[in-house]
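**Q** Quick one: the structure is below, questions incoming.
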2 protein chains.
Amino acid sequence: MEHPDLRRAGLKVTGPRLKILEILANEALGSHLSAEAIYRRLLVQATDIGLGTVYRVLGQFEAAGLITRHHFDGETAVYELNRGEHHDHVVCMDCNRVEEFTDDEIESLQSKAAQRLGFEVIDHALILYGRCRRTACPHRLAAAKSEP
Amino acid sequence: MEHPDLRRAGLKVTGPRLKILEILANEALGSHLSAEAIYRRLLVQATDIGLGTVYRVLGQFEAAGLITRHHFDGETAVYELNRGEHHDHVVCMDCNRVEEFTDDEIESLQSKAAQRLGFEVIDHALILYGRCRRTACPHRLAAAKSEP
DNA sequence: TTTGCTGCAAATGCTTTGCATGTAG
DNA sequence: CTACATGCAAAGCATTTGCAGCAAA
């Protein structure tokens, strides 16, 4: 079995790494998993992988650039498979739904702003916190209840 | 003694609260303190305030909108007194220097991007990670050494 | 075989909390 | 006087690490 991603990263191809990679790959776009969440999915699959290993492997994947770690507001870290292009996030403060987006204009304005301050931008994190229009969103349910 | 900020927040005016507020107020603009850092400054002043209290008070201040908590990349939380207008941050990955900036154009593009996804933006966090041009920055020192 | 990987459990570091006591209003 | 604050120490969580055994190359 070939596994160029792991090989390229100088990591041995092992069961735990493949499983975790698979779990991340099977996630819907825009879905973000915590180490715990990944661990739970591994438990369901009746594997024998420890939480410590999950953290270790995620750390290696991140260092290898295979995945990205996010900290939405300083909550527990969540991870997402890198599928090419960079993107930013919008998080619903009521239902925790996360949407992704990109905006080239914002990106270029960011570089300019940094340049003005004498910085060269290497990376950035842009997270918008707000409320979504989804019908199932707690915020909308509450609003609906008060106006019958 | 008047203390409208605390009063308005429904908080009793007590020694610990005043001290902590004072420490935050005396910080230079763009300076960000962790709970530990605040606690250390309190120790120096020979006060008898516990670290637990520092966390509790900071939580109340944040809830009251007096201060803002940041998590640069998921590191330990740092706090900063709210002095009116919102701003974003640039962090040097080498020397940890933090600069603040605002960019109305970016702000408005953010709202538009969110709107496209059906979100109303309540708050946002924009942090640029990069390298600064400061002479004392480790990155520049290293660069200088390799090109004599 | 050799080097690197894993499970487990213990350790860490930040942050929160319970409780008895103290104090602002 | 009463409600809220505080100090202290213990508890909580997410994450990291040490180590002895296991497995990929």
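The values are calculated or read from the model by the stated rules, or taken from the named source; none is laboratory data. All of these numbers come straight from a predicted model, not from anything done at the bench. Every residue, glycine as well, gets a Cβ built from its backbone with ideal geometry; the counts of neighbours run over all protein chains shown.
**Q** If you take the residues of segment A:91-108 that are out of contact with any Gly (no Cβ under 8 Å at 6 or more places or on another chain) and at the interface with chain B (Cβ under 7 Å from one of its Cβ atoms), which of them is farthest from A:C137 (Cα to Cα)?
**A** Pass one, segment A:91-108, residues out of contact with any Gly (no Cβ under 8 Å at 6 or more places or on another chain): A:94-97, A:101-108.
Then keep just the ones that are at the interface with chain B (Cβ under 7 Å from one of its Cβ atoms); that gives A:101, A:103, A:105-106.
Numbers: A:F101: 20, A:D103: 26, A:E105: 30, A:I106: 28 Å.
Looking at residues that are out of contact with any Gly (no Cβ under 8 Å at 6 or more places or on another chain) and at the interface with chain B (Cβ under 7 Å from one of its Cβ atoms), I get A:E105.
**Q** Condition first: among the hydroxyl-bearing types (S, T, Y) and crowded, with 16+ Cβ neighbours inside 10 Å. Now tell me which residues in segment B:35-52 satisfy that. If you could, list the steps in order and put the result at the bottom.
**A** From segment B:35-52, those among the hydroxyl-bearing types (S, T, Y) are B:39, B:47; that's our starting set.
Residue satisfying the conditions is B:Y39 alone.
**Q** Against the condition on the phi < 0 side of the Ramachandran plot, surrounded by fewer than 14 Cβ atoms within 10 Å (Cβ to Cβ) and under 18 Å from the mean Cα position of the chain (by Cα), how does B:D88 come out, does it pass?
**A** Against the criterion (on the phi < 0 side of the Ramachandran plot, surrounded by fewer than 14 Cβ atoms within 10 Å (Cβ to Cβ) and under 18 Å from the mean Cα position of the chain (by Cα)), B:D88 does not qualify.
**Q** From (1) at the interface with another protein chain (Cβ under 10 Å from one of its Cβ atoms); (2) aromatic (F, W, Y); (3) more than 20 Å from B:D123 (Cα to Cα), pick out the condition that doesn't hold for A:Y79.
**A** A:Y79 satisfies every listed condition except (1).
**Q** Looking at segment B:43-50, is at least one residue near DNA strand C (Cβ under 10 Å from one of its atoms) and at pLDDT 95 or above?
**A** Looking through segment B:43-50, at least one residue is near DNA strand C (Cβ under 10 Å from one of its atoms) and at pLDDT 95 or above.
**Q** Right, here's the next one. Inspect all residues belonging to segment A:53-67 and state whether any of them is surrounded by 15 or more Cβ atoms within 10 Å (Cβ to Cβ) and either facing another protein chain (nearest Cβ under 7 Å) or in contact with a Cys (Cβ under 8 Å, 6 or more places away or on another chain) (or both).
**A** Within segment A:53-67, not a single residue is surrounded by 15 or more Cβ atoms within 10 Å (Cβ to Cβ) and either facing another protein chain (nearest Cβ under 7 Å) or in contact with a Cys (Cβ under 8 Å, 6 or more places away or on another chain) (or both).
**Q** Tally the residues that are closer than 15 Å to B:H124 by Cα and not in a helix (DSSP H, G or I), restricting the search to segment A:108-142.
**A** Applying the first criterion (closer than 15 Å to B:H124 by Cα) to segment A:108-142 yields A:110, A:124-132.
If we keep only those that are not in a helix (DSSP H, G or I) too, we end up with A:124-132.
Summing the residues that are closer than 15 Å to B:H124 by Cα and not in a helix (DSSP H, G or I) in segment A:108-142 gives 9.
**Q** When the residues of segment B:109-146 are narrowed to those that are of a type in the set (K, R) and more than 10 Å from chain A (Cβ to nearest Cβ), which ends up surrounded by the fewest Cβ atoms within 10 Å (Cβ to Cβ)? Explain how you work it out, then say what you get.
**A** Restricting attention to segment B:109-146, the residues satisfying the condition of being of a type in the set (K, R) are B:112, B:116, B:131, B:133-134, B:140, B:145.
Then drop every residue that is not more than 10 Å from chain A (Cβ to nearest Cβ), which leaves B:140, B:145.
Working: B:R140: 16, B:K145: 8.
For segment B:109-146, the residue satisfying everything is B:K145.
**Q** Considering (1) surrounded by 13 or more Cβ atoms within 10 Å (Cβ to Cβ); (2) near DNA strand C (Cβ under 8 Å from one of its atoms); (3) away from every other protein chain (no Cβ under 14 Å), say which one B:G15 fails and leave the rest.
**A** (1)
**Q** Could you list, ordered by first residue, the pairs with Cβ atoms under 7 Å in which the first is in segment B:77-88 and free of Cβ contacts under 8 Å to residues at least 24 places away in the same chain and the second is of a type in the set (A, V, I, L, M, F, W, C) and surrounded by 11 or more Cβ atoms within 10 Å (Cβ to Cβ), at least 6 apart or interchain?
**A** B:N82/B:L66; B:N82/B:I67; B:H87/B:F101
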